[in-house]
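The values are calculated or read from the model by the stated rules, or taken from the named source; none is laboratory data. All values derive from a computational prediction rather than experimental measurement. Using ideal geometry, Cβ is built from the backbone for each residue, glycine included, and neighbour counts are taken over all protein chains shown. The area values use the complete protein model at the heavy-atom level, side chains included, leaving out ligands, DNA and RNA. Shrake-Rupley method; radii C 1.70, N 1.55, O 1.52, S 1.80 Å.
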Amino acid sequence: MHALRGQIAVVTGGGSGIGRAIAHRLSSQGAHVWVTDIQEENASRVATEIRQKDEQATAYRLDVSDATAVKRFFENVEEECGRVDILINNAGIAGNPALLVHMRDEEWMQMFNIHVHGSFYCLREAAKLMMKNQYGRVINMSSLAAETSLAGFAHYGAAKYAIVGLTEAAAKELASYQITVNAIKPGVIRSALTQGILSMAEERLSQATPVKRIGDPEDIAKVVSMFVQPDADFVTGSTVVVDGGFSLMNDMDRVMLEALRE
Ligand SMILES: NC(=O)c1ccc[n+]([C@@H]2O[C@H](COP(=O)([O-])OP(=O)(O)OC[C@H]3O[C@@H](n4cnc5c(N)ncnc54)[C@H](O)[C@@H]3O)[C@@H](O)[C@H]2O)c1
């Protein structure tokens, strides 16, 4: 029940959606969770929710794309807690859709600054602390958009593919320190990020998913929790799709299922 008791966890983008669900899940298993987000109020709200359950959390305003701020944050965590056991690189944005030929430099750079550079800065600083302690669990949030990149979202897709590359190199470099690094590719999960698409196409997307529903943030938090357990020490460099089977389905499957089901 309290498998993470005494552990220190950092969740980026923990103020809403998937990050919030992960923060709750890890604290419920005994970890002290640093709920970080660029939206300070949201980070504070989630930390308060956690403390109201008699679990441990600290809120911190952190923009992951700011390398100096990330360094300062981890120095702060080391000063206060002396260690970091778990890092969840989750902060992200969906960005505005645009065809490549119309994509503005600023939009492209922002996507990479947050997802790729942000994950790298946090992983670099957390890894230094984890190496001292010879233990660590890192999860990087990729996306189904890194299975086959989505038209109109070349910036998002490219950034999420890069996160898989970061995960694989880090897993090799850090394995001898008992640090595992894995990535998750969520499918469509209900959150602020998917509000727009769900308001247009929730029913269609649910029907196209073998489990016949849209994912909830808790669906991702449950899988994160599996990979950050101390005994998940043989899983590293892996990328796990969590999408209710959505990405498996093609038109031929639909034809066959319709034909064979009574
Ligand atoms: N919701 C989905 O369907 C889905 C699917 C695949 C991947 N993802 C990924 O999951 C992660 C969480 O997304 P979500 O759906 O919970 O969205 P969300 O918008 O609810 O949460 C994202 C959080 O990241 C924070 N954030 C944004 N920029 C930041 C920055 N520079 N520094 C720190 N925090 C920042 C936001 O304030 C927000 O709290 C993202 O990386 C997203 O790309 C989501």
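The table that follows gives values for the structure above.
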{"quantity": "Inter-part distance where the range 1-50 and the range 115-155 are each reduced to a Cα centre, Å", "calculated": "17 Å"}
{"quantity": "CD proxy at 222 nm, helix term only [per DSSP H run n ≥ 4: -39500 (n - 2.57); per residue of the chain; nearest 500]", "calculated": "-14500 deg cm²/dmol"}
{"quantity": "Ranked packing of 16-28, 130-142, most packed first, by mean Cβ within 10 Å", "calculated": "16-28, 130-142"}
{"quantity": "Size descriptor, Kirkwood hydrodynamic radius, that averages inverse alpha-carbon separations across the range 139-262, Å", "calculated": "15.9 Å"}
{"quantity": "For A59, residues with placed amide H under 5 Å, excluding near neighbours", "calculated": "V35"}
{"quantity": "Accessible carbon and sulfur surface of the range 47-175 relative to its total accessible area, %, 1.4 Å", "calculated": "52 percent"}
{"quantity": "Rounded to 10°, Cα long-axis angle of helix 217-227 versus longest principal axis of the chain", "calculated": "60 degrees"}
{"quantity": "Amide hydrogen neighbours beyond the local backbone of V181, cut-off 5 Å, H modeled", "calculated": "V138, G237"}
{"quantity": "Degrees separating the helix 154-174 axis from the principal Cα axis of the chain, which is the longest one", "calculated": "40 degrees"}
{"quantity": "Of the trypsin sites (Lys or Arg not before Pro) in the range 34-119, those whose Cβ has at most 14 other Cβ within 10 Å and which sit in DSSP loop", "calculated": "K53, R104"}
{"quantity": "Cα-only Debye scattering, the chain: base-10 log of I(q)/I(0) at q = 0.07, 0.09, 0.15 Å⁻¹", "calculated": "-0.24, -0.40, -1.07"}
{"quantity": "Accessible area per residue in Å² at 1.4 Å probe, computed on the chain", "calculated": "50 Å²"}
